[in-house]
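Report on the structure given below.
What follows draws every value from the coordinates through simple rules; no lab data is involved. What you are looking at is a predicted structure, and each value in this text was computed from that prediction instead of being measured. All Cβ positions, glycine included, derive from the backbone under ideal geometry; neighbour counts span all protein chains shown.
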Amino acid sequence: MGRPMFETLKEVLVGKLKAASEKITPEATVEEAELDSLSIVELSIILEKDFTITITDDELLAAPTIGDMAKLIEERNAAA
């Protein structure tokens with residue numbers, strides 16, 4: 001993945017999970033981004049299937065912001 005993980009995450013959230021683009025910022029919380037727990041479960045599945053990154057929905061929900069979520073995904077991707 002040659003581009004910032006946040007951009008990739010935003011593309012998935014907006015493109016596949018129908019999140020509102022303007023609400024997906026690095027500082028936004030899951031609530032501010034209007035992502036429900038089902039969306040986070042779907043995100044976990046998409047990351048596993050499309051990017052071969054294993055990360056649980058609980059781990060994703062533990063991230064305080066979307067930017068922190070992107071960092072967590074990036075770290076997990078680097079470790080893979």
Matching residues, segment 1-41, being over 16 Å from GLU59 (Cα atoms), among the β-branched types (Val, Ile, Thr) and surrounded by 18 or more Cβ atoms within 10 Å (Cβ to Cβ):
THR8, VAL12, ILE24
Give the residue, chosen from THR29, THR54, that is in a loop (DSSP other than H, G, I, E, B) and in contact with a Pro (Cβ under 8 Å, 6 or more places away or on another chain).
THR29
Mind checking whether some residue in segment 65-75 is surrounded by fewer than 12 Cβ atoms within 10 Å (Cβ to Cβ), in a loop (DSSP other than H, G, I, E, B) and touching a residue at least 24 places away in the same chain (Cβ under 8 Å)?
no
Kindly establish whether GLU59 is part of a helix (DSSP H, G or I) and either surrounded by fewer than 17 Cβ atoms within 10 Å (Cβ to Cβ) or of a type in the set (Ser, Thr, Tyr) (or both).
yes
Single condition SER44 does not satisfy, out of (1) without any contact (Cβ under 8 Å) to a residue 12 or more places away in the chain; (2) surrounded by 12 or more Cβ atoms within 10 Å (Cβ to Cβ)
(1)
